[in-house]
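Below is one structure, written out as structure tokens, with a few remarks after it.
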Amino acid sequence: MQVIFVVLNKIECLDELLARLKKAGVVGGTIIESTGMVKSLDDSDESYLLGSLRLFLDNPRPDSKTIFFIVNDEQVNIVRKTVNDVLEGIDNPNTGIIFGIPISFADGLMKK
């Protein structure tokens, strides 16, 4: 089993992503509001470069959604492909990130 985390910067894709993941057999995820580190820094913590960039960008790191869910190891590749397809390339700028962490157990999950 793995817990998969998706930090979604393209929040307009959230509904489609959830529908496609459900269709792929992924259920029981959790969605939380999240904000990138750059946006949460106050002015006193900014470097000169970061402060200069803020002058040119209205919103350098918009709010995002973090989705996490537990899948069987066999589902990991389908989840990665689904996320990549819905976001039209996870490696594009301001899209998001996805990563998985192996877990040894998960109590409280509903059985099919």
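The values are calculated or read from the model by the stated rules, or taken from the named source; none is laboratory data. Please read all numbers here as calculations on a predicted model, not as lab measurements. All Cβ positions, even for glycine, are placed from backbone atoms using ideal geometry, and neighbour counts span all protein chains on display. Heavy atoms of the whole protein, side chains included, go into the accessibility calculation; ligands, DNA and RNA do not. Shrake-Rupley method; radii C 1.70, N 1.55, O 1.52, S 1.80 Å.
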Order of exposure, largest accessible area first, which applies to Phe69, Phe5 with probe 1.4 Å: Phe5, Phe69
Accessible-area value, Lys81, 1.4 Å probe, nucleic acids and ligands omitted, Å²: 110
With each label point set 7 Å from Cα along the Cα-Cβ vector, what nm distance links Thr30 and Asp63? 2.0
